[in-house]
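Where a number appears in this text, it was derived from the coordinates with a stated rule and is not lab data. No experiment lies behind these values; they were computed from the predicted model shown. Please note: Cβ atoms are built from the backbone with ideal geometry, for glycine as well, and neighbour counts cover all protein chains shown.
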Amino acid sequence: IDTLTNTAAAASGASASASFRTNEVYSGAAAGSSTERVDAVARALLKAVHRVIDEHEVTYPEFQAAKKWLMDVGEVGEWPLFLDVFVEHAVEEVASRSQHGSKGTILGPYYLPGQVQLTSPATLPARPDEVGTPLVFTGRVTDLDGSPLTGATLDIWHADSDGLYSGFAPGLPEGNLRGVVTADAEGRFEIRTIQPAPYQIPTDGPTGALTRAAGWSPWRPAHLHLLVSAPGHRTITTQLYFAGGEHLEDDVAEATKPELVLDPVENASGERVAEYDFALERD
Ligand code: MBD
Ligand code: FE
């Protein structure tokens, strides 16, 4: 699979590399693991690779093609995209073993800090000609006992009705469909936006080329991304999906959970209203 001939390859994937390097939300980068830890994990990883080569009798041409593909992923800047799609869910599942309260899931490559600060009830910034079904996302942020968390914030971002993220796909206004919403004194929030479309891995880069070559679906179900925070409490990184939506059962990123599915109901003004409550543990 030759992926470096298209110079316009994977604009979104490439922007995710630049974002990763400067974005504090990825600050685990200096893990400071001991020699023993690096030895154990790196050795197990290499051993797993050796076992796959042995079991599948991987050939020299396949090894060299894999080497070229790995170089291509780096050169077009798709490592954050590839790793968040195919690997992050396993790391999140380990992390979630020691977490209480509302379930979380993966962060993904398209978070941007420093978005417009809004107060509930809020409307996310949208293009004048933004298309998509109006969506009202409402609910409450509490502690594990159900007491309201004053000062709770919901940092929310999502794709548009073409499945594209502002700040990553070219041509979208900065900050579009992104915002940091402060809930009221009872932890209640109401956020107006539009229904996002399912997300497709960019087809013009090496990650898309792999999904094609392997016959895999390149799709994620439509989702809202959220970082839900309150003073003195653990921030929840999560995504919310939509009941009955496409690709809920075959998310390429394996990041859906049954607890994370919204079931919007239409109100009198034709908006879809989705309700969801978040319970945060103390940190
Ligand atoms: C996304 O929008 C996303 O949420 C993840 C996890 C990976 C790639 C694109
Ligand atoms: Fe996403």
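What is the antiparallel percent of DSSP beta bridges lying wholly in the chain, to the nearest 5?
Values: 29 of 45 bridges.
The antiparallel fraction comes to roughly 65 percent.
The orientation-averaged shadow of the Cα convex hull for the chain, equal to a quarter of the hull surface, comes to 16.8 nm². At full extension, SER161 and ALA214 could sit 16.3 nm farther apart than now, given 0.36 nm per residue minus the alpha carbon distance. Using C-alpha pairs below 8 Å separated by at least 6 residues, the relative contact order for the stretch 120-271 is 25 percent. For the stretch 37-94, the square roots of the Cα gyration tensor eigenvalues, ordered a ≥ b ≥ c, give a/c of at least 1.5 with a/b no greater than b/c, which places it in the oblate category.
Classified by the C-alpha gyration tensor, the stretch 21-149 has a prolate form. Its axis ratio a/c, with a ≥ b ≥ c, is 1.5 or above, and a/b is larger than b/c.
Less than 12 Å Cβ to Cβ from ALA95, Lys/Arg counted +1 and Asp/Glu -1: what total charge do the surrounding residues give? Here the charged neighbours net out to 0.
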